[in-house]
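The values are calculated or read from the model by the stated rules, or taken from the named source; none is laboratory data. Keep in mind the model is a prediction, meaning the values are calculated, not measured. Cβ coordinates were reconstructed from backbone atoms using ideal geometry, including for glycine residues, and neighbour counts include every protein chain displayed.
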């Protein structure tokens, strides 16, 4: 019986070692110890105050939560910077009396990613997402918070995947 347990232990060890580094976020092993997220300025034509700070913090939080990288204010091996380029509200569907039944908030962010250890990973890319909401609802308070949460969660995850997960 001890011999069987010993053989199983060896087989499991070999299998796990053969799989290489794996983590549950999908990120490949990162050859860096630090990252830096510079402030994302809001350069959109329509300005919603405070969303640039919210976006910057959410990107920092996502990277800290899904990697073992340390956040730094300067000299990070991985650098994320850019600007919010679009904040737009558009009607999506109309009612019989020609009013908007549903509106869409679209936000786009231009991101420049620099990997100081591996220049071939550098990119500049636009990321965008939207949230639809009831046409009778003002985009303030809890509705604005809900829409920003949905949009920023998707955009930050897309940035993470492009920069670190290589999906």
Practice item. Please find, within region 129-148, the residue that is modelled with the lowest pLDDT out of those that are in contact with a helix residue (DSSP H, G or I) (Cβ under 8 Å, 6 or more places away or on another chain) and surrounded by 16 or more Cβ atoms within 10 Å (Cβ to Cβ). Key: 133
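So is residue 33 surrounded by 11 or more Cβ atoms within 10 Å (Cβ to Cβ), more than 26 Å from residue 138 (Cα to Cα), within 26 Å of the chain's Cα centre (by Cα) and at pLDDT 85 or above or not?
So residue 33 fits the description; yes.
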Exercise for review: Would you please list the contacts, defined by Cβ atoms under 9 Å and residues six or more apart or on different chains, that run from a residue in region 96-110 that is on the phi < 0 side of the Ramachandran plot and modelled with pLDDT of 95 or more to a residue that is part of a loop (DSSP other than H, G, I, E, B) and surrounded by fewer than 16 Cβ atoms within 10 Å (Cβ to Cβ)?
Suggested key: 105/139; 110/43
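Here's the yes/no breakdown for (1) modelled with pLDDT of 95 or more; (2) touching a strand residue (DSSP E or B) at 6+ places or on another chain (Cβ under 6 Å); (3) surrounded by fewer than 16 Cβ atoms within 10 Å (Cβ to Cβ); (4) closer than 26 Å to residue 125 by Cα:
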| site | (1), (2), (3), (4) |
| --- | --- |
| 6 | no, no, yes, no |
| 10 | no, no, yes, no |
| 26 | no, no, yes, yes |
| 41 | yes, yes, yes, yes |
Practice item. Report yes if some residue within region 149-164 is at pLDDT below 95 and touching a helix residue (DSSP H, G or I) at 6+ places or on another chain (Cβ under 9 Å); otherwise report no. Key: yes
